[in-house]
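Comments concern the structure below.
The values are calculated or read from the model by the stated rules, or taken from the named source; none is laboratory data. Being a predicted model, the structure only gives us computed values, none of them experimental. Positions of Cβ are generated from backbone atoms using ideal geometry, with glycine treated the same way; all protein chains shown enter the neighbour counts. In case anyone asks, the SASA skips ligands and DNA or RNA and just uses the protein heavy atoms, side chains included. Shrake-Rupley method; radii C 1.70, N 1.55, O 1.52, S 1.80 Å.
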Amino acid sequence: MAQYRASESKREQFRRYLEKSGVLDTLTSVLVALYEEPEKPNNALDFIKLHLGAAGPEPADTEALRTELADLQQKCSELMEENKELRSRLMQYEPSPDGEGAE
């Protein structure tokens with residue numbers, strides 16, 4: 001009997017934890033949205049994942065984002081190199097700090 005009470009109190013603690021953290025409200029709202037959906041989706045689990053935000057980007061989107069990231073990283077490297085080159089060219093025209101170039 002004591003073990004039954006211990007497991008019940010653990011369940012109650014866990015339920016309160018889920019309630020406190022908003023998990024129960026979120027799950028309830030997603031399930032209500034599924035229930036109220038006029039045309040039920042073929043895959044209820046995908047519906048739930050999508051509404052919970054766990055679906056993530058599609059593989060095609062992921063690949064496009066990876067390609068864009070690589071292109072932007074290359075462009076950034078090129079611009080950093082150009083910036084370095086332009087700074088060194090600019091230093092040729094600026095007077096030196098000790099005033100030797102100014103007459």
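Among residues other than GLU82 whose Cβ falls under 14 Å from its Cβ, what is the net charge (Lys/Arg +1, Asp/Glu -1)? Could you put the intermediate results ahead of the total?
Working: positive: LYS75, LYS84, ARG87, ARG89; negative: GLU78, GLU81, GLU85.
Taking every other residue near GLU82 into account, the sum is +1.
How do VAL23, VAL30 rank by accessible surface area computed with a 1.4 Å probe, from largest to smallest?
On the way: VAL23 55, VAL30 10 Å².
Of VAL23, VAL30, the descending order of accessible area is VAL23, VAL30.
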